[in-house]
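**Q** Structure provided below as structure tokens; questions to follow.
Laboratory data are not the source of any read-out in this text; all were calculated from the coordinates shown. Quantities reported herein were computed from a predicted structural model and do not represent experimental measurements. Heads up, the Cβs are rebuilt from the backbone with ideal geometry, glycines too, and the neighbour counts pull from every protein chain shown.
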Amino acid sequence: MSKLIYVLDDDAGIRLLLEEVIKREGFRVKSFEYPEELREEVRKKAPDMMFIDYLLKGSRGDKIAAEIEQSGYSIPTILISGFAKDDIERAIESDTIVQILEKPFRVEYVCDILHNTSNVV
């Protein structure tokens with residue numbers, strides 16, 4: 001069975017793009033607009049990997065990943081952000097963040113992340 005990937009982003013366009021790319025690359029995907037939806041789904045079925053937007057309404061993606069990690073899950077997470085990678089790396093609050101995907105991003109880069117990260121999970 002193919003690996004399951006969750007996407008959390010409040011931008012519908014980013015969610016749809018990532019869903020298409022992830023499916024095309026042979027993975028199963030489920031996307032969410034709100035952190036509460038993601039947290040609930042993780043409790044039901046933990047994914048193999050997550051893509052989480054760094055800046056969400058009322059929260060930060062690394063804090064959401066840290067909360068999930070503190071609940072006992074160790075899910076490799078790719079943080080999506082329009083901010084400079086160096087600034088985010090200094091602020092990250094979760095050990096499960098394995099990569100930062102800078103916006104705007106190229107689809108080919110997402111494919112590389114999917115295949116390189118999925119080989120280690």
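**Q** Per residue of the range 27-33, in order, report the coupling 6.51 cos²θ - 1.76 cosθ + 1.60 (Karplus, θ = phi - 60°) as ³J(HN,Hα) in whole Hz, putting x for Gly and Pro.
**A** 9, 8, 9, 9, 10, 9, 8
**Q** Quick one: putting +1 on the C-beta of Lys and Arg, -1 on the C-beta of Asp and Glu, what dipole do you get for the chain around its Cα centre, in Debye to the nearest 20? Walk me through the numbers before you get to the answer.
**A** Values: 17 positive and 24 negative charges, 75 e Å.
It comes to approximately 360 debye.
**Q** Sequence gap of 8 or more, or different chains, plus Cα separation below 14 Å: how many lysine pairs satisfy both in the chain? Let's see the in-between values first.
**A** On the way: Lys3/Lys23; Lys3/Lys30; Lys3/Lys45; Lys30/Lys44; Lys30/Lys45; Lys85/Lys103.
Close lysine pairs found across the chain: 6.
**Q** Let me have the 222 nm mean residue ellipticity of the chain computed from DSSP H runs of 4+ only, each contributing -39500 (n - 2.57), with the sum over all residues rounded to the nearest 500. Write down the numbers at each step before the final one.
**A** Values: 5 runs with 52 residues, N = 121.
About -13000 deg cm²/dmol.
**Q** Let me ask you something else. Residues in the range 69-93, backbone N under 11 Å from the label point at Arg39 (7 Å along the Cα-to-beta-carbon vector): list them, ranges by number please.
**A** Backbone N within reach: 71.
**Q** Provide the FRET efficiency to the nearest 0.05 for the Tyr73-Glu102 pair, computing r from the beta carbons and using R0 = 22 Å. If you can, show how the numbers build up before the last one.
**A** On the way: r = 25 Å, r/R0 = 1.15.
Efficiency at R0 = 22 Å is approximately 0.30.
**Q** I'd like to know which of Met1, Thr96, Leu79 lies farthest towards the positive end of the charge dipole of the chain, counting +1 on Cβ of Lys and Arg and -1 on Cβ of Asp and Glu.
**A** Met1
**Q** Mind giving me the nanometre distance, one decimal, between the label points for Lys57 and Leu16, set 7 Å out from Cα along Cα→Cβ?
**A** For the pair Lys57/Leu16, the computed spacing is 1.8 nm.
**Q** Test of understanding: extend the Cα→C-beta vector of Glu25 to 7 Å, then name every residue of the range 42-70 with backbone N under 14 Å from that spot.
**A** Under cut-off, by backbone N: 48-52.
**Q** When Lys and Arg each count +1 and Asp and Glu each count -1, what net charge do the other residues less than 11 Å away from Ala12, Cβ to Cβ, add up to?
**A** Values: positive: Arg15; negative: Asp9, Asp10, Asp11, Glu19, Glu33.
Net of charged neighbours comes to -4.
**Q** Extent of the range 4-118 along each principal axis, from alpha carbon coordinates, in Å, largest to smallest?
**A** That works out to 33, 31, 25 Å along the principal axes.
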